[in-house]
Amino acid sequence: MTQENINSIEDVKSKLPDEDTLYGLAELFKVFGDPTRAKIMSCLSVKDLYVYEIADILGMSVSAVSHQLRVLRNAKLVKGSKLGKEVKYCLDDNHVVQIMECGLTHINEVR
């Protein structure tokens, strides 16, 4: 979104997303707001992993990781592919990768 050609309050109002869209955006960022989920997504940004691998890397129980993966799946941030009896997880799409990269860039920038 550029800021050129915005001359009035009405111009600003006309450029705002609708209420449902803004609510969805806020809900998405709530999901990102949990450090455990951020750790899981960081793991998956490196490599597609099984639940037990994520649990081992993070020193968590499989049950706790599974619960957080369910939240991430419902938010369409991760997806799983069934391979035999196991499910391998990955970030849902490139948008999730970009959100992670932008967030990390932002918090690591020197001011």
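The values are calculated or read from the model by the stated rules, or taken from the named source; none is laboratory data. Just so it is clear, the model here is predicted, and its values are computed rather than measured. Because the Cβ atoms are built from the backbone with ideal geometry, glycine has one as well, and the counts that use them run over all protein chains shown.
Hey, any hits in the range 75-86 for a residue that's under 11 Å from Arg37 (Cα atoms) and at pLDDT 95 or above? Yes, some residue in the range 75-86 is under 11 Å from Arg37 (Cα atoms) and at pLDDT 95 or above.
Consider the range 38-92 and keep the residues that are within 18 Å of Glu27 (Cβ to Cβ) and small (Gly, Ala, Ser). The one that is surrounded by the most Cβ atoms within 10 Å (Cβ to Cβ) is Ala75. Residues in the range 22-37 that are farther than 14 Å from Lys76 by Cα and surrounded by 10 or more Cβ atoms within 10 Å (Cβ to Cβ): Leu22, Tyr23, Asp34, Thr36.
Any residue at all in the range 94-109 that is touching a Lys or Arg at 6+ places or on another chain (Cβ under 9 Å) and loosely packed, with under 11 Cβ neighbours inside 10 Å? Checking the range 94-109: not a single residue is touching a Lys or Arg at 6+ places or on another chain (Cβ under 9 Å) and loosely packed, with under 11 Cβ neighbours inside 10 Å. For beta carbons closer than 6 Å, sequence separation of 6+ or different chains, a first residue in the range 47-69 that is farther than 13 Å from Lys88 by Cβ and a second that is part of a helix (DSSP H, G or I) and among the aromatic types (Phe, Trp, Tyr), the qualifying pairs are Val62/Tyr52.
Within the range 1-32, if we keep just the residues that are of a type in the set (Ser, Thr, Tyr) and modelled with pLDDT under 90, the residue that is farthest from His95 (Cα to Cα) turns out to be Ser8.
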